[in-house]
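Visitor: Quick one: the structure is below, questions incoming.
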């Protein structure tokens, strides 16, 4: 009887070896270098996406306020406030840069309740007790509302070719746009009533009137026809502009090379005062 015995065979690759330490260090260095080169591009893309998202959020707020006014045959107001994004939303808030707070309110009886052509007074005012809140507060982080230079070219569909706002013979452009909400006049827009609405609104609203957390001195009003007016007291403007810039924390970008001119990611949201259409212009 012959016994069969199995034999294990081993194959060895001749000339194979692992990476040396120097080779591994070279590969790691290349990876670090490539990452450093492409990271700013990804950051820029994210920033542009965030700014575009913020613009369309504002567009949605304006359309909601206008639709509510027309559907309920009443007046609505949109208030704008900018606070310090490095601080939590407190009561009272911390004015600053980086967090935009937006509120919509409506007249619950369909009446404006004041004479926009007259001086504000104890009897000629926006009565907070007659207002209702429309939806929740909208808060957008890492954005700032600047004043952009007025475009001068042929109107188109980009930021640099967007339509120009109306140049009022007395106050210039600043009654047709929102920007630098916490700045002092004349470096703020609109410039009416020393930079503030004659008829400010607050959050929250109700009857009896609650203690205010936010007081909105920059407002946009829609009437039952859907027409938009800045600070409640002006003629309908053909174009109302809200500019947007990305911020680095509570620091806004510096204009380059001159006031109102910014490089990089910029967005303008424009509302047609009569037609009510809202359009976003990007660079």
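What follows is calculated from the coordinates using simple rules that are stated; it is not laboratory data. Treat the numbers as computed from the prediction; the structure is a model and nothing was measured. Neighbour counts are summed over all protein chains in view; Cβ atoms, including those assigned to glycine, are modelled from backbone coordinates with ideal geometry.
Visitor: May I ask you to order 101-109, 20-28, 181-189 by the average number of other C-beta atoms within 10 Å around their residues, highest value first?
Guide: 101-109, 181-189, 20-28
Visitor: Right, another one. Per-residue ellipticity at 222 nm for the chain, helices alone: DSSP H runs ≥ 4 residues times -39500 (n - 2.57), over residue total, nearest 500 deg cm²/dmol?
Guide: So the calculated ellipticity at 222 nm is -7000 deg cm²/dmol.
Visitor: D for the range 27-282, whole µm²/s, Stokes-Einstein with Kirkwood Rh over alpha-carbon pairs at 10 °C and 1.306 mPa s: what number?
Guide: Reported coefficient: 83 µm²/s.
Visitor: With label points built 7 Å along Cα→Cβ from the Cα atoms of residue 136 and residue 71, find their separation and express it in nm.
Guide: 1.9
Visitor: Ranked from highest to lowest mean number of other Cβ atoms within 10 Å per residue, what is the order of the peptides 62-68, 72-78?
Guide: With the highest mean Cβ count within 10 Å placed first, the list reads 72-78, 62-68.
Visitor: Moving on. On a 0 to 90° scale, report how tilted helix 21-71 is relative to the longest principal axis of the chain, with both axes built from alpha carbons and the result rounded to the nearest 10.
Guide: For 21-71 against the chain, the angle is about 30 degrees.
Visitor: Just check the range 190-253 against the gyration tensor rule for me: Cα atoms, a ≥ b ≥ c as the square roots of the eigenvalues, rounded for a/c under 1.5, and otherwise prolate or oblate depending on whether a/b exceeds b/c.
Guide: It is oblate, given that a/c is not under 1.5 and a/b is not larger than b/c.
Visitor: With only alpha-carbon atoms in the gyration tensor, what are the semi-axes of the equivalent ellipsoid for the range 157-283, in Å, largest first?
Guide: 25, 19, 15
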